[in-house]
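The values are calculated or read from the model by the stated rules, or taken from the named source; none is laboratory data. Because the structure is a prediction, the values reported are computed rather than measured. We work out accessible area using only protein heavy atoms, side chains counted, and drop any ligands, DNA or RNA first. Shrake-Rupley method; radii C 1.70, N 1.55, O 1.52, S 1.80 Å.
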Amino acid sequence: QVQLVESGGGLVQTGGSLTLSCAFSGDIFVINTMAWLRQGPGKQREVVATMSNGGVTNYADFVKGRFAISRDKAKNTLSLRMNDLKPEDTAIYYCNANLNRDDDLRYRDYWGQGTQVTVSS
């Protein structure tokens, strides 16, 4: 069983900062890619930032220069540091990983339950 559990969401004022964390657990064999996505009120889910197994990162234009994705392999966590937050960043943020398991080498997508980020104006 593989689990992704997000934490770190909350309420913050415009211009503030938050750091989201995603803890990976279970019989993970290889992580192919990791990502943070978000879904704002009445909007479709969108990609915020991605990281390859080799550490290559990509960011959506609307967060470039403000957000940073990082990984702690020792702690098996993925983080998203969010600076200069804006009301339009208000959304549920989801952690995603494309990985395979010790007992099933097919790559599959796994999702966390989401964490709410609310930015007040």
Rounded to the nearest whole Å², what accessible area per residue is found for the chain with the 1.4 Å probe? 53 Å²
Alpha-carbon centroid distance for the pair region 59-121 / region 1-56, whole angstrom: 2 Å
How high is the relative contact order of region 60-121? Use alpha-carbon pairs under 8 Å, at least six apart in sequence, and give a whole percent. 29 percent
Take the Cα pairs of the chain, get the Kirkwood Rh, then feed it into Stokes-Einstein at 10 °C and 1.306 mPa s and tell me D in µm²/s. 110 µm²/s
Hey, what did the chain get for relative contact order, percent, Cα under 8 Å, at least 6 apart? 37 percent
